[in-house]
Amino acid sequence: MRILQLHSDFIVFKPLEKEIEIAEEAKKEENRIEEALVLFIAIEEGDNSALAEKAIDDTRAFLGKLGANRILIYPFAHLSSNLSKPTEALKIICAMEAYAKNKGVETYRAPFGWNKQFTISIKGHPLAEQSRSYTPESQNVVPCESKQEETVSEALKAEDTMKSYWHVLQTDGSLVPIEEFKFKGNSNLQKFSQYEIKKTRAVTQMPPHVPLMKRLEIADYEAGSDPGNIRWYPKGRLIKSLLEQYVSARVAEYGGMEVETPLMYDFNHPSLSSYLNRFPARQYVLKSEDKELFLRFAACFGQFLIAHDAQFSYKQMPVKLYELTRYSFRREKSGEVVGLKRLRAFTMPDCHALCTDIEQAKKEFIIRFDLCIDVLDNIGLTKDDYEIAIRFTREFYNEHGDFIAAVAAKFGKPILAEVWNERFFYFALKWDLNFIDNQDKAAALSTDQIDVENAKRYGITYVDEKGEKQFPLILHCSPSGAIERDIYALLEKAYREQMKGKPPMLPLWLSPTQVRLIPISDKFLDQVEVLAKQVESHCIRVDIDDSASTLQKKIREAEQEWVPYIIVVGEKEINSGLLSVRIREVKGSQQQMTVDNLISKVTEKIAGKPYKPLPLPMYISKRPQFHG
RNA sequence: GCCUCGAUAGCUCAGCCCGGUAGAGCGGCUGCCUUGUAAGCAGCAGGCCGCGGGAUCAAGGCCCGCUCGAGGCUCCA
């Protein structure tokens with residue numbers, strides 16, 4: 001049995017023609033049912049009344065969640081290629097109807113055996129669309145030894161031959177089905193069997209960036225909040241802050257005017273409500289006295305409301321508004337929230353450009369495309385790290401095919417294209433750039449879109465040459481994507497480098513410690529501090545390992561912290577002024593240089609990037625540990 | 001949201017199958033060592049065994065619910 005279950009605002013259906021001999025009697029008139037959970041059902045070979053009851057029980061569970069109690073049973077053969085005989089199907093459909101009514105559900109039914117016409121309006125919430133499938137086997141669990149010989153199709157037999165049955169061979173020679181074996185105290189065997197059964201790489205492991213973000217004291221989960229709302233330690237806050245500063249600076253350079261808008265909005269504001277009702281389950285909702293508010297899930301509202309009240313003409317356009325949202329909130333489904341990859345509260349740079357017409361929009365689009373690629377490159381993510389998808393309608397392609405071709409040529413790598421026959425989103429053209437992680441999963445970073453709908457929805461207008469009000473096109477661009485996601489991508493990339501035998505590291509400008517000084521003994525601490533002050537005065541983050549452990553251990557710990565430059569300072573260095581610098585980038589090989597050489601080498605590498613001082617005490621002995 | 005798995009010291013994990021005194025390594029603290037490029041030695045402290053309920057003379061271990069995490073599915077405007 002297959003069921004497509006849709007939570008509808010309303011459905012209208014009209015029986016047209018009888019399709020089969022045994023069709024039920026029905027009038028050829030329109031039926032309209034409001035607010036019903038519609039069940040499109042196909043009855044398959046072997047389905048029985050027990051299954052019918054099970055399906056209705058599941059539906060009732062859903063009704064409970066939805067706070068609804070009205071269903072429409074709609075026979076719909078097209079869901080299956082293994083249909084039962086119509087007489088059987090009709091019996092089961094009737095059984096379902098009777099059972100549902102019996103259980104107190106307000107039940108309607110479309111006639112069986114008719115060719116029907118229907119119109120349906122589906123609610124947008126996540127539970128609105130469900131598909132389910134039932135088989136008799138999943139219903140009745142029959143013990144193996146009592147299973148009767150039955151006629152089995154060739155296809156099923158073939159499937160049976162190919163299917164693996166897994167067991168564990170115990171020390172006494174007995175076999176235990178893998179499901180029944182308790183692996184406690186045998187974890188290697190467990191890992192091995194999982195590996196064998198799944199026949200894939202060890203994907204059962206956590207995404208690599210999660211243990212890294214904890215071990216490097218960047219960020220961590222916060223059980224005291226909601227999933228996907230995380231805590232940032234000093235080093236992580238530094239990295240995040242530098243990225244925020246960098247992206248904002250680049251957008252400012254491009255001409256984005258930075259604004260700040262509220263985090264929460266009134267559900268009943270007229271401009272917002274029509275847009276919002278499509279996504280009712282995605283927001284954090286909060287009640288405050290007599291108001292219902294939602295936490296913003298993007299910067300769009302705030303900027304649109306500003307644009308709505310602003311006065312501008314074609315002479316000022318494109319008008320570019322920018323905000324770095326800390327935070328945007330999206331109540332992603334619990335199973336989808338992972339590490340720094342997918343959060344419920346995240347930091348999103350978002351720049352809107354209001355353009356007069358499609359020609360101006362196209363011109364701006366290209367400028368921003370270049371900006372995005374360059375911003376990511378400077379963050380440390382190159383074209384080898386991501387893939388681009390571009391999405392548009394056929395109509396847009398017919399009119400602007402050469403433009404799309406130009407974008408592709410600019411990128412110089414094949415692009416995945418998604419083409420629609422009709423536009424059903426608010427944009428006519430969109431691209432997004434996707435990082436591919438170590439589990440071969442994609443996560444979108446930068447994106448830009450040409451929005452052809454929201455100016456009208458929000459009442460945003462500009463004045464044209466003739467003094468008439470016009471609706472602008474709105475470009476939505478995030479040059480870097482979510483800042484947290486950039487850090488996820490950098491950590492995943494570092495892990496990948498490590499797997500390739502290269503030392504994992506962050507870009508120099510983002511490394512919390514850029515230079516670590518290790519005095520060979522306490523005797524040299526004073527001189528080392530003088531050296532540190534000198535380096536620090538050139539906007540380089542330098543610290544001193546004055547802890548009580550051995551030299552070798554201090555080097556090991558600096559390497560595990562991914563410190564790019566490690567310098568041991570003893571009598572030789574103090575006397576000669578020549579430092580032996582251990583360089584992570586080239587696998588920890590050492591190079592002799594003076595302090596000035598070191599300073600200019602580092603300064604050159606971080607030129608053009610923002611600087612913030614060390615987020616922790618310079619002396620390592622003074623630092624708390626944030627993660628074991 | 002669904003299915004599966006997990007949660008024991010600050011961290012990583014053993015103990016659970018078969019109920020009967022809470023374990024290791026790392027980290028921390030104290031002391032020794034004062035060091036030349038990836039783990040020096042010794043001692044000490046550290047536990048509501050995620051939370052709540054149940055069965056049991058007795059639960060870290062069994063049963064049920066919840067929270068949080070992970071993998072898969074679904075989703076990703």
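State whether one or more residues within the stretch A:597-607 are open to solvent by 70 Å² or more (accessible area, probe 1.4 Å) and within 13 Å of RNA strand B (Cβ to nearest atom). Scanning the stretch A:597-607 turns up no residue that is open to solvent by 70 Å² or more (accessible area, probe 1.4 Å) and within 13 Å of RNA strand B (Cβ to nearest atom).
Please find, within the stretch A:557-591, the residue that is farthest from RNA strand B (Cβ to nearest atom) out of those that are of a type in the set (A, V, I, L, M, F, W, C) and within 36 Å of the chain's Cα centre (by Cα). Filtering first and then ranking leaves A:Val586. For the stretch A:324-346, a residue qualifies if it is away from RNA strand B (no atom under 15 Å from the Cβ) and not basic (Lys, Arg), and exactly one does: A:Leu324. The residues listed here are A:Lys523, A:Lys466; of these, the one that is open to solvent by 30 Å² or more (accessible area, probe 1.4 Å) and more than 25 Å from A:Val569 (Cα to Cα) is A:Lys466. Applying the condition of being in a loop (DSSP other than H, G, I, E, B) and modelled with pLDDT of 85 or more to the stretch A:257-275 and asking which residue is most open to solvent (accessible area, probe 1.4 Å) yields A:Glu260. Taking the condition of being more than 23 Å from A:Ala298 (Cα to Cα) and within 16 Å of RNA strand B (Cβ to nearest atom), how many residues in the stretch A:347-377 meet it? Residues in the stretch A:347-377 being more than 23 Å from A:Ala298 (Cα to Cα) and within 16 Å of RNA strand B (Cβ to nearest atom): 0 in total. Against the list (1) open to solvent by 40 Å² or more (accessible area, probe 1.4 Å); (2) touching a helix residue (DSSP H, G or I) at 6+ places or on another chain (Cβ under 6 Å), the condition A:Tyr254 fails is (1).
Being away from RNA strand B (no atom under 12 Å from the Cβ), touching a residue at least 24 places away in the same chain (Cβ under 8 Å) and open to solvent by 10 Å² or more (accessible area, probe 1.4 Å) is a property that does not hold for A:Ile474. Residues in the stretch A:526-556 that are open to solvent by less than 70 Å² (accessible area, probe 1.4 Å) and within 14 Å of RNA strand B (Cβ to nearest atom): A:Val528, A:Leu531, A:Ile544, A:Asp545, A:Asp546, A:Ser547, A:Ser549, A:Leu551, A:Lys554, A:Ile555. Regarding the stretch A:286-308, can at least one residue be identified that is in a strand (DSSP E or B), of a type in the set (A, V, I, L, M, F, W, C), open to solvent by 30 Å² or more (accessible area, probe 1.4 Å) and more than 13 Å from RNA strand B (Cβ to nearest atom)? The answer is yes; a qualifying residue exists. In this structure, does A:Ile390 turn out to be assigned by TED's automatic domain parsing to the domain that holds A:Ala299, β-branched (Val, Ile, Thr) and more than 15 Å from RNA strand B (Cβ to nearest atom)? No. Residue count for the stretch A:82-101 under the criterion of being open to solvent by 70 Å² or more (accessible area, probe 1.4 Å) and under 17 Å from A:Leu72 (Cβ atoms): the result is 1. For the structure I just gave you, tell me whether A:Ile599 is of a type in the set (A, V, I, L, M, F, W, C), at pLDDT 95 or above and under 29 Å from A:Leu212 (Cβ atoms). When the stated conditions are applied, A:Ile599 does not pass them.
Applying the set (1) within 20 Å of A:Leu475 (Cβ to Cβ); (2) within 10 Å of RNA strand B (Cβ to nearest atom); (3) in a helix (DSSP H, G or I) to A:Lys315 leaves exactly one unmet item: (2). Would you be able to say whether some residue in the stretch A:499-508 is among the small types (Gly, Ala, Ser), assigned by TED's automatic domain parsing to the domain that holds A:Ile606 and open to solvent by 30 Å² or more (accessible area, probe 1.4 Å)? No - not one qualifying residue is present in the stretch A:499-508. Does the stretch A:362-383 include one or more residues that are in contact with a helix residue (DSSP H, G or I) (Cβ under 6 Å, 6 or more places away or on another chain), over 30 Å from A:Gln498 (Cα atoms) and at pLDDT 80 or above? Yes - at least one qualifying residue is present in the stretch A:362-383.
Among the conditions (1) more than 15 Å from RNA strand B (Cβ to nearest atom); (2) open to solvent by less than 20 Å² (accessible area, probe 1.4 Å), A:Arg496 misses just one, which is (2). Is it the case that A:Phe411 is without any contact (Cβ under 8 Å) to a residue 60 or more places away in the chain, of a type outside the set (Ser, Thr, Tyr) and surrounded by fewer than 20 Cβ atoms within 10 Å (Cβ to Cβ)? The answer is yes for A:Phe411.
Checked across the stretch A:430-443, the condition of being at positive phi, within 16 Å of RNA strand B (Cβ to nearest atom) and either open to solvent by less than 40 Å² (accessible area, probe 1.4 Å) or among the hydrophobic types (A, V, I, L, M, F, W, C) (or both) holds for no residue.
The helices (runs of 4 or more DSSP H) found entirely in the stretch A:528-628 that carry 2 or more residues being closer than 24 Å to A:Trp232 by Cβ are A:551-560. Considering (1) at pLDDT below 95; (2) farther than 27 Å from A:Arg496 by Cα; (3) more than 10 Å from RNA strand B (Cβ to nearest atom), the lone condition that A:Arg278 does not fulfil carries the number (3). Against the criterion of being surrounded by 20 or more Cβ atoms within 10 Å (Cβ to Cβ) and basic (Lys, Arg), A:Lys214 does not qualify. Among residues of the stretch A:327-355 being farther than 16 Å from A:Ala443 by Cβ and among the aromatic types (Phe, Trp, Tyr), the one that is surrounded by the most Cβ atoms within 10 Å (Cβ to Cβ) is A:Phe329. Residue pairs whose Cβ atoms lie under 9 Å apart, sitting 6 or more positions apart in sequence or on different chains, and linking a residue in the stretch A:558-584 that is more than 20 Å from A:Leu212 (Cβ to Cβ) to a partner that is near RNA strand B (Cβ under 6 Å from one of its atoms) and of a type in the set (Asp, Glu), are A:Ile567/A:Glu573; A:Leu579/A:Glu573; A:Ser580/A:Glu573; A:Arg582/A:Glu559.
The values are calculated or read from the model by the stated rules, or taken from the named source; none is laboratory data. As the structure is a computational prediction, the values presented were derived from the model and not from experiment. Ideal geometry is used to build each Cβ from the backbone, glycine not excepted, and the neighbour counts take in all protein chains shown. Calculation scope for accessible area: heavy atoms of the full protein, side chains included, ligands and nucleic acids excluded. Shrake-Rupley method; radii C 1.70, N 1.55, O 1.52, S 1.80 Å.
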